[in-house]
Ligand code: SF4
C-alpha cells in the first residue's frame, strides 16, 4: 500500500473516538501487559476481564508469581481453560527472576525465548509495554488485513502467515505504534466482524480491496471433530470426596477418579459434553461404593475445602451438580 500515512491517520482518528477502554491499556507495566496477552490467547475479552483483575491482586509482580505454588497458580487460572498457558507463565516468571534479575527483557528475541511466548505475544509486549514500532498479527488483525489486501492465501498456512506479517510490518508507524496496533485490534473486534462487517461505517473503507469481505479470511479445512467418552467416579465418604491428580490434560489439577473399564449406561448419575481442542468430550460420572479410607495416601478432600483447590471446570460443574 502506498498510502500508509492516510491509512494510519484514518485508523487512529477513528480509534480516538471509538477505541475500547480496557484495563491493560492504561499500563505500560510489562508484567500486567503479559498477564492480559496470555489470558487473551484463545479467550474472549469479556471472559478475561475479571480474571485479569483477580490475577493482579493475587500475583501483582513476576516475583509474586515466581514464588507461588503450582496449585495456587492453577487455582487462579481455573475456568480459563488451556492450563498450559498458566504453567508456562509460571515458568516464565521464574526465568525472569532467575535469569533476568527480575527485569523483563525488552529485546524481542529474548522475550520469545520465555516459555509459552510466541512471535505474536513477544511483539505485543514490545509494542504495548515498550512502544516499539513492531507489527502484531492475531485473529482480528489477520481478518482485517486479509480483507484490506483482498488476500486469498489461507491465513493458517506458512505462506499466509508470512504475507500477513509482511503487510502488518509495512503498515505499522514509527510514531504511536501501541495506539495504532490497539486501533487495528479494535477495528477487527468492532467493525470488521467475521460476519456482517460494518463496511458502511469503516474508517479504512477507501483503502480496502475486499470484493466479498465475508468470504475472507480463507482458512485451511479444519480436522474433523473427534468424539471421546470419559468415565469418572463420584466416591464420597461422610464429608469427604476422593479426587485424583491429573497426569495429562489437566496436569497438576484435581479431577474425579477415572474409571477404565466399561460401565453400564444405567449407572450414570451425571453426563455432560464439553469441547476440547478438536474433540467433543462426553464426561460420564458413575457413583461408586466407598473405598476404604484407611489408606492415608489417598487424596480425600473435605467437601467444604473444594473451592480452594484447582479443579477443571467440567469436573467442578459435575461435582457441584451432584453434591447439590
Ligand atoms: S471496508 Fe469492510 S471489509 Fe474492509 S476493512 Fe472495513 S469493515 Fe473490513
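What follows draws every value from the coordinates through simple rules; no lab data is involved. Everything quoted here is computed from the prediction, not taken from an experiment. Note that we place each Cβ from the backbone using ideal geometry, even for glycine, and neighbour counts take in every protein chain shown.
Tabulated data for the structure shown
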| item | result |
| --- | --- |
| The stretch 50-70: number of residues that are in contact (Cβ under 8 Å) with a residue 24 or more places away in the chain and assigned to a helix (DSSP H, G or I) | 9 |
| Which listed residue, of 43, 47, is under 13 Å from the mean Cα position of the chain (by Cα), touching a residue at least 12 places away in the same chain (Cβ under 8 Å), part of a loop (DSSP other than H, G, I, E, B) and at negative phi | 43 |
| Elements of type helices (runs of 4 or more DSSP H) contained in the stretch 129-231, each with 3 or more residues being within 12 Å of the ligand (Cβ to nearest atom) | 139-148, 177-190 |
| Among (1) away from the ligand (no atom under 16 Å from the Cβ); (2) surrounded by fewer than 22 Cβ atoms within 10 Å (Cβ to Cβ) - the single one residue 125 does not satisfy | (2) |
